Amino acid sequence: MDYQQLANGALLDTRPADEKAKDFLTGELYGAPADLVWLDYEQWKLQPENIKMLEVLEVQNQANSYSCMANAGSLAEAIDNWSEEKIYKRMSARSIYPFRRNNPALGMWSDDLGNIICNRGVVFEALLPSEGKDEAGMNDLKDFLPSYEVLAKIYKAKNYLWIDRNVDAVASILAKNKAAIITVLFGNGEWAQQVPVVNDGIPTPYGHGICALPNAFFMYKGKKAIMIQDSWGVDTGLRGRRIITEDWFIKNRVTSSIWFENLSNIAVLNETLQKPKYVFKRWLSLGMIGNDVAQLQRCLGYLKDAQGFLFPLAQEPTGYYGGITRNAVKRYQTMKALPVTGNVDQQTIVALNSDFV
């Protein structure tokens, strides 16, 4: 593997702060990471469900392309589909990569990957082969039939959420039987081994996208760790996988992490909720934290529009006004024929109090 080809595989997120503030954050729904049982690696790899997972999941080979992010995303979607249908069907990275917003430039951003999978979807590898293709081959869509547009939508995700860049937060998602797409920075001599190491003080020009596997968290030689799957073929690492210790998180080599969640399904239990009652008195907006915001989330989680519940109540509301809350407020304002701002302004306060006092 030529390290130079990875220089632009996973691009750093350079969006302005006001755009990042609109992101859907895992913590906005689930709060702090859950307490988990961290088995020792030797115990973990003997669990029947983990043996089966490693046998089932196919290892991709991106060859001489910059498509690591698309490969990681297609694997995550295949894992989600496997969890639902109990049959593993490999998904095509080539149904993702050519649609990146920086095409024909190299590599992808995490938010671009998330948006493509949620808006366009993916198709099966058997329909649009991506294995072993170079950059030109990955960008070639001559065999992308019009019917694939329809098929891709069947296998698109509903939403993607950002995960805090620490090993506990990522492991909490993996414990939901979900995969996570992680981006890392590394330098020469750090990555191409079964357990990549972090060497302080060296240049880190290489950006890489990888897929953390469901339930694959454990203790490795006294450190918390996760197992990831690369897209470099089965002849690298642990037959195409690697163990990433908490050092990569602690030393800020993990630059982003996302996962896919069907937010509309989280709120099925909202059917049993009693209608909340609350008097809203102050304006609320992106970035605010407090009981007012928690009450807003509870009220929005009680209401439905054509898309479903406005706010997905996964548990007790967290009281953080992030991108998910902002989106829910916009939907409420649309329902009420109010100016759609995403902020709880005076007109929105009047409407909320009419509904919930």
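Just so you know, all these numbers are worked out from the coordinates, no wet-lab data involved. As the structure is a computational prediction, the values presented were derived from the model and not from experiment. Every residue, glycine among them, receives a Cβ derived from its backbone with ideal geometry; neighbour counts consider all protein chains shown.
The table below lists the values:
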read-out	value
Other-chain or far-sequence residues with amide H under 5 Å of Lys224's (modelled H)	Glu246
FRET efficiency, Leu39 to Asn353 (Cβ-Cβ, R0 56 Å, nearest 0.05)	0.65
Length added when fully stretched, Lys158-Ala192, from 0.36 nm per residue minus Cα-Cα	8.8 nm
Separation of alpha-carbon centers, the stretch 71-115 and the stretch 267-346, rounded to whole Å	31
Check: the stretch 150-266 dipole with +1 on Lys, Arg Cβ and -1 on Asp, Glu Cβ, in debye	360
In degrees, nearest ten, helix 110-119 long axis to first principal axis of the chain (Cα)	70
222 nm mean residue ellipticity, helices alone, for the chain (DSSP H n ≥ 4; -39,500 (n - 2.57); rounded to 500)	-8500 deg cm²/dmol
Sequence ranges 309-321, 173-185, ranked by mean other-Cβ count within 10 angstrom, highest first	173-185, 309-321
Note, ³J(HN,Hα) from phi for the stretch 345-350, Karplus 6.51, -1.76, 1.60, rounded to Hz, x at Gly and Pro	8, 5, 5, 6, 4, 4
Point-charge dipole on Cβ atoms (K/R +1, D/E -1) for the stretch 264-356, about Cα centre, debye to 20	140
Gyration tensor (alpha-carbon) shape descriptor, the stretch 264-356, a/c threshold 1.5	rounded
Ordering of 78-88, 158-168 by burial proxy (mean other Cβ atoms within 10 Å per residue, highest first)	158-168, 78-88
Interchain or long-range residues, amide H under 5 Å from Met91's placed H	Ala78, Glu125
Residue pairs, from the table Lys22/Lys223; Lys20/Lys221; Lys153/Lys178, whose Cα atoms sit over 26 Å apart	Lys22/Lys223; Lys20/Lys221
Table column - 3J(HN,Hα) (Hz), the stretch 330-337, Karplus curve with 6.51, -1.76, 1.60, x for Gly and Pro	4, 5, 5, 5, 5, 4, 9, 6
Cβ-based exposure ranking for Val150, Val170, in which fewest neighbours within 10 Å come first	Val150, Val170
Using θ = phi - 60° and Karplus 6.51 cos²θ - 1.76 cosθ + 1.60, couplings along the stretch 72-80 (whole Hz; Gly, Pro as x)	5, x, 5, 5, 4, 5, 5, 5, 4
